[in-house]
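Read through the structure below, which is laid out as structure tokens, and then see the notes.
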Amino acid sequence: MATILGEALSNIPWQEKPHGESGVVWRYTANPIIPRNLLPTSNSIFNSAVVPFEGTFAGVFRCDDHRREMQLHSGRSDDGINWTLSPERIHFNAEDPEVVRWEYGYDPRVCWIEDRYYITWCNGYHGPTIGVAYTNDFKSFYKLENAFLPFNRNGVLFPRKIGGHYAMLSRPSDNGHTPFGDIYYSESPDMTFWGKHRFVMGTKGGWQSTKIGAGPIPIETTEGWLLIYHGVLTSCNGFVYSTGAALLDIDKPWKVIYRTAPYIMSPQTIYECVGDVPNVAFPCAALADAPTGRLAFYYGCADTVTGLAFAQVDELIDFVKRNSAV
Ligand code: BMA
């Protein structure tokens, strides 16, 4: 049976799979957990990242404000469901003013590696690229160099070094509502210089035919790295963002072992189908409890609110293997 190689998280937010649910992923019944106006200044709060923190939970949240500017705010929660966000956006510290020059930030991911929490996000620097920063307390944030030149999005770190190097997935792209995009792997000796780029996977049919991008931090399992990712279909009425899963080789994560042909979740509820950008289910974070195999995903809904969904790791990995088309 596939298991998570990681820590226990006994207070992981959790609801049992409802009777009659046929999917491998099920939604929290009181979704959305974060309304669009949790902050008085926010137009929408979505595509956000949470992690376990000192027995509770902390995170970095995408809050688009009433000017419709994309900002990052820190947040805290005792239970992973009820959140308090800082009213002030994160102001990053760095010695070089060029490094903290702020245009916009969106779609953050948070990853604990060794001794600190790293944040990656889509950072405006003459076009979208991957911002990298770290924090220890979710109060002070220190920005490092952008990982890549523009244009890039969906920078997602691995939670440990691989082959002695930091490792990141990303999605090189262009400046607009990118009509293309594949996932690549890059490594770094120091979190500053990134190279040895490898192709991981590209678009496929149906729900993932336009572009794809890594979602939450990959989860280490006995079967490989479990990668939850989003895929986009272009319908006659615009983009549709769904969620799929893949298993990547533990030592060479650019090698895809299995990958779902069907989605594991697609926008189907009213809060996923109706909002500022309809038909978006966009996962950016996962909590995992190794002893029970429980997974809790945080995902942006219709670019407006934040939802929570659950899966059981052995069932999900079994689904990925049985429904794979690499
Ligand atoms: C992508 C990003 C995401 C967003 C999605 C759907 O390009 O901007 O933040 O959720 O489009 O609008």
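Miscellaneous remarks
- Residue, farthest from the ligand (Cβ to nearest atom), within the range 147-190, restricted to residues that are assigned to a loop (DSSP other than H, G, I, E, B) and acidic (D, E): D190
- Looking across the range 86-124, the residues that are over 13 Å from V60 (Cβ atoms) and either within 16 Å of the ligand (Cβ to nearest atom) or in contact with a helix residue (DSSP H, G or I) (Cβ under 6 Å, 6 or more places away or on another chain) (or both) come down to E103, Y104, G124.
Let's see how each residue does on (1) surrounded by fewer than 20 Cβ atoms within 10 Å (Cβ to Cβ); (2) modelled with pLDDT under 95; (3) within 16 Å of the ligand (Cβ to nearest atom); (4) of a type in the set (F, W, Y):
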site	(1), (2), (3), (4)
G213	no, no, yes, no
I219	no, no, no, no
L226	no, no, no, no
T234	yes, no, yes, no
G244	no, no, yes, no
L248	no, no, no, no
Y263	no, no, yes, yes
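- Candidates P267, P278: the one that is without any contact (Cβ under 8 Å) to a residue 60 or more places away in the chain, touching a Cys at 6+ places or on another chain (Cβ under 9 Å) and more than 28 Å from H165 (Cα to Cα) is P267.
- Taken over the range 17-27, residues that are closer than 22 Å to L227 by Cα and in contact with a strand residue (DSSP E or B) (Cβ under 9 Å, 6 or more places away or on another chain) amount to 6.
- Residue match in the range 118-126 (condition: under 25 Å from F53 (Cα atoms), of a type in the set (F, W, Y) and out of contact with any Pro (no Cβ under 6 Å at 6 or more places or on another chain)): yes
The values are calculated or read from the model by the stated rules, or taken from the named source; none is laboratory data. Quick caveat, the model's predicted, so the values are computed rather than measured. Reconstructed Cβ throughout: ideal geometry from the backbone, glycine too, with neighbour counts over all protein chains shown.
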